[in-house]
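These notes concern the structure reproduced below.
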Amino acid sequence: MSPRQRKVLLPLLHRPTLTSISLFAIQNFHVADLAGCVNLKGLEIAFLECSSGVGPFLEAFPTTPVTLEQFVIKGKNLNSVYRLCHARRPDEKTVINFSSLKKIVAEVTRLDSMKKLFLGFAETSSGLIWLVIQYVSHPVFSSPDLT
């Protein structure tokens, strides 16, 4: 995502009324940008390429991390899920807290990725009540050229 696109997107992401976000086919998404989504409960990603850096437009971080209740993963996102799970703010707090997840839906393209994907969630999400895993050999959605 270009700096210009981020400048337009951040005020929308950080609206206090926003409770759910779907991010599709975004390149160079700064995970730390989600830290300002104070009421975010649901996150859906597909073909998301995450950057580990903190962008120049986020001045202050809320005192607590984003606490997700629902997480939907589609397409080839194993690296992005890892970055979302391990992203830290400049104050070393996590950007996203996954311990309150109630629902996880995942579309996986490699069976061995299931273990890697859900091992961490199973350990931290004590309230998980809905888990859907769908194996697809070829994702239906293809990432468009974003240039």
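The values are calculated or read from the model by the stated rules, or taken from the named source; none is laboratory data. Everything numeric here is computed off the predicted structure, so don't read it as measured data. Quick reminder, even Gly has a Cβ in these numbers, built from the backbone with ideal geometry, and neighbours come from all protein chains shown.
List of remarks:
- Taking segment 76-86 as the range and being crowded, with 21+ Cβ neighbours inside 10 Å and part of a loop (DSSP other than H, G, I, E, B) as the test, only 77 passes.
- Identity of the residue in segment 92-114, exposed (fewer than 15 other Cβ atoms within 10 Å of the Cβ) and under 15 Å from residue 76 (Cα atoms), that ends up modelled with the highest pLDDT: 110
- Options 71, 61; residue that is in a loop (DSSP other than H, G, I, E, B), in contact with a Lys or Arg (Cβ under 8 Å, 6 or more places away or on another chain) and either surrounded by 17 or more Cβ atoms within 10 Å (Cβ to Cβ) or modelled with pLDDT under 80 (or both): 61
- The set of residues in segment 10-22 being in contact with a helix residue (DSSP H, G or I) (Cβ under 9 Å, 6 or more places away or on another chain) and in contact (Cβ under 8 Å) with a residue 24 or more places away in the chain consists of 10, 13, 14.
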